[in-house]
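This report refers to the structure that appears directly beneath it.
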Amino acid sequence: MISLPSAEEALPLALQFKLLQSEKTPTALQTSLQSKSIQSILAHALSSVPYYQQHPQIRSMNGNIEWNKFPILTRKELQANEELLISKNPPKNHGKHFDFRSSGSTGRPVHTWTTEYAQFFWRAFTMRDHLWAKRDLTASLAAIKFLADGKALYPGQTSNNWGLSTAILGYSAPAMLLNSSEPVERQYQWLVEHQPKYLVTYPSTLQELAKIQIREQKLNSLHNISTLGETLPPFVRTLVMEAFNCKIHDIYSSQEIGYIALQCPLYDHYHIQLENCMVEILDDNNQPCTPGQVGRVIVTSLQNYLMPLIRYEIGDYAIPGKKCDCGINLPVLERIIGRSRNLVSYPNGDKSWPAYNPMALMNLFPLARFQIEQLSVEELRLNIEAPDTPTSEQCLQAEEIIQKAIGYPFKVTVHLVNNVPRAPSGKFEEFVSRI
């Protein structure tokens, strides 16, 4: 039978109860409560963080802060002012300090600091994700992620729990970890050997695993897949349903902020984790976007008082959505689009998201991996990693597929490569602008 929670269990259980209440709270009250959180961390930042104290635009406000005129913190400015963004007087009861370095897909990682207090919330949102996805916390979970220095290479690492978020509540379950730097064929074989109920990995890795599963049909244990770290294209959801007959629950997070949005329990869109952060979706004139309109993601952290990031432009684009009927009142993101370096540039100066058809290219090159690079406003290069050299007919068909989908007669050259490169973090981008 059940027993009273231990002192270690009581706090995370209490926080989960509060999160369950918060997600059902009427929108007006949510907005009011979040406003109080913003005012609290803003007052702390203005009184103890040199960057905000010294910023000329903030100083010119003379204490009369207008939120829509508060300067947006870019990634470049964060990198240039790491030390100035650290509070000189962080709350002592927020515990130990930790530092993180983000993946740095552009080659320049971001170095940030956080506290034990903020990490406690991170674990709480991890548990919320498990609850929303209705995972069995006693079943097996496999994770395929990138780890530096050759850690968790085949045969991988094993554990008797999924991590601190579940272990602290007394849950024990088999967990396996494999480095995503292993060849995808070995990753698939590793999964076949373990036959886990749940899988956590990157969308690009999952795409490759799904293609093998369609061919081999040896991995039949998966009930749910969690993706993170990269943009999840809609076609991958379709491919995974065909391959594994199970649903994806995507996570939108970053090292700098933590959890930003979690996928809705019922639909493919996302709910902003407003207990952890404030999210603004702004157009090029810094005006709020309406539902269905693509805009830049601007995030304000609410739990990190050591290095408060206020109106931080994280580098992503997203589409705000309308209110959801699932019973959760948290704000909606219809879709996370990607980073600015994933935009197509046209000769007339316009930019858009590459709407090419990956499924058509996959049918044309069934065993291949590919990446499109924009070399100029007139030229694209399709890099293909495949066992056989593409024929002239295949190259012409690929060019037609890309031109038709993107809507412009770019010159498309096809290159056979030994390896389609990933970022140093192990993440993968199917379209990259080099302009």
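The values are calculated or read from the model by the stated rules, or taken from the named source; none is laboratory data. Here the structure is a predicted model, which is why all the values come from computation and not from measurement. Here Cβ is always computed from backbone atoms with ideal geometry, including for glycine, and neighbour counts include all displayed protein chains. Note: accessible area is taken over every heavy atom of the protein model, side chains too, but ligands, DNA and RNA are not part of it. Shrake-Rupley method; radii C 1.70, N 1.55, O 1.52, S 1.80 Å.
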query = Once you list every other residue whose beta carbon is under 13 Å from the beta carbon of Ala45, what net charge do they have if Lys and Arg are +1 and Asp and Glu are -1?
reply = +2
message = List the lysines whose Cα sits under 23 Å from the Cα of Lys322, skipping any in the same chain fewer than 8 residues away.
response = Lys24, Lys247
ask   = Under a point spin-label approximation (7 Å from Cα along Cα-to-Cβ), what is the Lys69-Glu8 distance to one decimal in nm?
value = 5.2 nm
Where GluC sites (Glu not before Pro) in DSSP loops with at most 14 other Cβ within 10 Å are excluded, longest remaining stretch of the chain = 84-377
ask   = What is the calculated FRET efficiency for Lys323 to Lys76, with r their C-beta to C-beta distance and R₀ = 30 Å, to the nearest 0.05?
value = 0.30
task = Let me have the relative contact order for the chain, percent, based on Cα pairs under 8 Å that are six or more residues apart.
result = 14 percent
ask   = Taking a spot 7 Å from the Cα of Ser340 along the direction of its beta carbon, which residues of segment 60-87 have an amide N less than 19 Å from it?
value = 69-82
message = Students often get this wrong, so try it: which of [x] 24.9; [y] 23.4; [z] 22.3 is Kirkwood radius over Cα pairs in Å as calculated from the structure shown?
response = [y]
ask   = In the chain, carbon and sulfur make up what percent of the accessible area (probe 1.4 Å)?
value = 52 percent
key: Calculated [θ] (222 nm, deg cm²/dmol) that DSSP helices of n ≥ 4 give over the chain, each run adding -39,500 (n - 2.57)   = -9500 deg cm²/dmol
key: Gaussian network model of the chain, Cα within-10 Å springs - most flexible of Ala173, Ala80, Ala243   = Ala80
Percentage relative contact order, segment 169-275, counting C-alpha pairs under 8 Å, at least six apart = 19 percent
ask   = What accessible area, in Å² to the nearest ten, does a 1.4 Å probe give for Tyr171?
value = 90 Å²
query = Which of the aspartates and glutamates could a cross-linker bridge to Lys151, judged by Cα under 16 Å and excluding same-chain residues fewer than eight apart?
reply = Glu182
remark   = Taking a probe of 1.4 Å and leaving out DNA, RNA and ligands, segment 77-199 shows per residue an accessible area in Å² of 49 Å²
request  = Compute the accessible area per residue over segment 266-357, keeping the other protein chains in place, probe 1.4 Å, unit Å².
outcome  = 39 Å²
query = Using modelled amide H (1.01 Å from N, peptide plane; none on Pro or chain starts), what sits under 5 Å from the amide H of His269, excluding residues fewer than 5 places away?
reply = Cys264
request  = Starting from the Cα of Asn419, move 7 Å in the Cα-to-Cβ direction to define the label point; list residues of segment 182-200 whose amide nitrogen is under 16 Å from there.
outcome  = 182-187
message = Give the lysines reachable from Lys88 as a straight Cα distance under 17 Å; neighbours fewer than 8 places away on the same chain don't count.
response = Lys96
key: Among Met61, Met278, Met359: highest mean-square fluctuation, GNM of the chain, C-alpha pairs under 10 Å   = Met61
